[in-house]
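Scroll down for the structure; my scribbles are underneath it.
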Amino acid sequence: MNNKIKLAVAGAVLSAASMANAGIIIPAGDWTLDVNGNVNAFAIFGNQDSATAGNTVTGGIAELEDSSGEDSTYAINTGLLPAWLGFTGTTRQNDLDVSFTISFQPNVSDNQASGMGDTLTPLNRQAFITFGDKSWGSVKVGKDLGIFAGDAILNDMTLLGVGGGGHRSGGVTTLGGIGSGYIYPAWKGQFAYTTPNLNGFQATIAITNPDQGLDGNNGYNQDRFGIEGKASYSWTGDVAGKVWASFADYDRNGAAGTDAAGAAATYRQDGFKTTAYDIGATVTSGNLGLVAYYYRSEGAGTLLNLQGGQGVYDNGSALKERDGDGGYLQATYVIPTGTKLGVAYGVNNLDEASGETGTTLLEKNERWTVGAYHPLTKHLNLVAEYNKMESEAHNGNDRDSDTFSLGAILFF
């Protein structure tokens, strides 16, 4: 993936409306409208372990055979990125740079017999405005990609492909490295302030929707907004790169549940605390690209946005959080044909809470990815990927699944 394609990926995910990364530009009076996005589809071939008691891993990503005993799957789905249509308008008014972004994400996979009735709900991941000036920074108000772990997903090479999950048809998107390298940053309501670029240094702080990622808020009021932030430093030259660190902090309430022994219990009104932080770096030298990423969490789970991190109840009242950590290493190299070859290893770990022993709860999701990404044109990539997933439980249960995918992704 060359630099133009990498910019197109970031533009499709974040609808960054800069002229250097423009889609289809339409002048409209005081406004400039940028229409951008992508269309992608993949043929995905999967193979899974048998569904046995020894393969039960609660929260595992590695898939199992279906109820009929079939251990192979064939599907045509989008990859980690859904198909995307974004609209960004920009203008300069009263010494402010003002913009809006609205995006829509239709589906590729449809299991209807007629092929005409889309039973999947189309996604609407972005609806936000920004205003600011390069002298003091910018403010974002609305729904956009989360700040914590946002850089982790943007630097994942499977953003152009499939990664983990998505073996069966009818899914909205696959998982990429979500749950096996990083926690999904998700798309959330936010009020965010970003500093101006200070010789490569930039920081963002935001309040976010506090209900985001709950397993169910059960009608409880949240104690406060979520808080997320990030600081980064970028540099250019023969060896270019970026380092960043981000965090998320929430107070959680949730739905009724059960304790480790299966007895009914309910959350306390003050719920439990979720915290997570990460650090990452990307380095590019010539045709070689490297990414290293690591996170730690408490009560944040391993997969979806800050879900699944709750543990056992103490005397049926106080909820104990589970600790977790993980990360990924990735290396890519562009060969003379322009094809980018890549290999990545990712893992997400989740500890047992105090009082839990030998449960089927996930201990770790582990992923190996090998991929080839060929720019047929400056906008169109052909993609081939192989992913091996392994999920293990704290009681020793484990299961494996493999996927091979072929497809294409076009950015505009």
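Coordinate-derived values only; no laboratory data. Predicted, not measured: the structure shown is a model, and the values here were computed from it. Cβ placement follows ideal geometry from the backbone for every residue including glycine, while neighbour counts extend to all protein chains displayed.
Brief remarks on what is shown
- Here the gap between Glu356 and Ser72, fully extended at 0.36 nm per residue and compared with their Cα-Cα distance, gives a gain of 98.8 nm.
- Residues listed by number, the range 134-152, amide nitrogen under 15 Å from Leu96 label point at 7 Å toward C-beta: 134-142
- Extending 7 Å from the Cα toward the beta-carbon at both Ile279 and Ile25 defines two label points whose distance is 4.1 nm.
- Nearby lysines by direct alpha-carbon distance to Lys242 (threshold 23 angstrom, same-chain neighbours under 8 apart not counted): Lys4, Lys6, Lys134, Lys140, Lys230, Lys340
- This ranking places Trp244, Trp368, Trp84 by how few other beta-carbon atoms lie within 10 Å of each, fewest first, which gives Trp368, Trp244, Trp84.
- Sequence-ordered 3J(HN,Hα) estimates for the range 273-286 from the Karplus curve with 6.51, -1.76 and 1.60 and θ = phi - 60° stand at 9, 10, 9, 7, 8, 8, 8, x, 8, 10, 9, 10, 9, x Hz, glycine and proline given as x.
- Approximating the spin labels as points 7 Å out from Cα along Cα→Cβ, the Leu304-to-Leu406 distance works out to 3.4 nm.
- Between the alpha-carbon centres of the range 357-388 and the range 136-157 there is a gap of 22 Å.
- Neighbour counts of other Cβ atoms within 10 Å put Asp223, Asp49, Asp278 in the fewest-to-most order Asp223, Asp49, Asp278.
- Spin-label pair Leu154/Thr339, simplified geometry with 7 Å Cα→Cβ offset, distance in nm: 3.0
- Cut-off 17 Å, label 7 Å out along Cα→Cβ of Val141, residues of the range 175-192 by amide N: 189-192
- A simple packing score, the average count of other Cβ atoms within 10 Å per residue, orders the peptides 284-293, 331-340 as 284-293, 331-340, with the highest score first.
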